[in-house]
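For reference, the structure discussed in these notes is given below.
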Amino acid sequence: MLDQTDRMLLSLLKKDTRQKYSELGEHLHLSPPAVHERVKKLERMGVIEQYTIEIDANALGLALYAFVRINISQVS
């Protein structure tokens, strides 16, 4: 079960996944090790599945790009 601090942590990470645990801790009023433990817990729970980057296609000289993720599950 997620508490309010977990939800706030996820909100902060959504904005910038590269934030240091010390910076996150300042917002959450937690120590860096406590933030680290919460992040690891969220990863173990499957709440945080991966960390991604957003690429500027124009900076790479690309006219169009697409990232596609498909999840297939068997329907009974």
Inset, instruction - Determine the pairs where a residue that is without any contact (Cβ under 8 Å) to a residue 12 or more places away in the chain and of a type outside the set (S, T, N, Q), located within segment 23-42, has a partner that is surrounded by fewer than 18 Cβ atoms within 10 Å (Cβ to Cβ) and part of a loop (DSSP other than H, G, I, E, B) with Cβ atoms under 6 Å apart, the partner being 6 or more residues away or on another chain. - result: GLY25/SER31
Legend entry - Filtered residues of segment 7-16 (kept if under 24 Å from ARG69 (Cβ atoms) and not in a loop (DSSP other than H, G, I, E, B)): ARG7, LEU9, LEU10, SER11, LEU12, LEU13, LYS14, LYS15
Legend entry - Members of segment 33-64 that are in a loop (DSSP other than H, G, I, E, B) and either surrounded by 10 or more Cβ atoms within 10 Å (Cβ to Cβ) or β-branched (Val, Ile, Thr) (or both): MET45, VAL47, ILE48, THR52, ILE53, ILE55, ALA57, LEU62
Inset, instruction - May I ask you to verify whether SER31 is among the polar types (S, T, N, Q), within 26 Å of ASN71 (Cα to Cα) and at pLDDT 95 or above? - result: no
Legend entry - Those residues of segment 17-32 which are closer than 20 Å to MET1 by Cβ and either charged (D, E, K, R) or in a helix (DSSP H, G or I) (or both), in sequence order: LEU28
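The values are calculated or read from the model by the stated rules, or taken from the named source; none is laboratory data. Treat the numbers as computed from the prediction; the structure is a model and nothing was measured. Note that we place each Cβ from the backbone using ideal geometry, even for glycine, and neighbour counts take in every protein chain shown.
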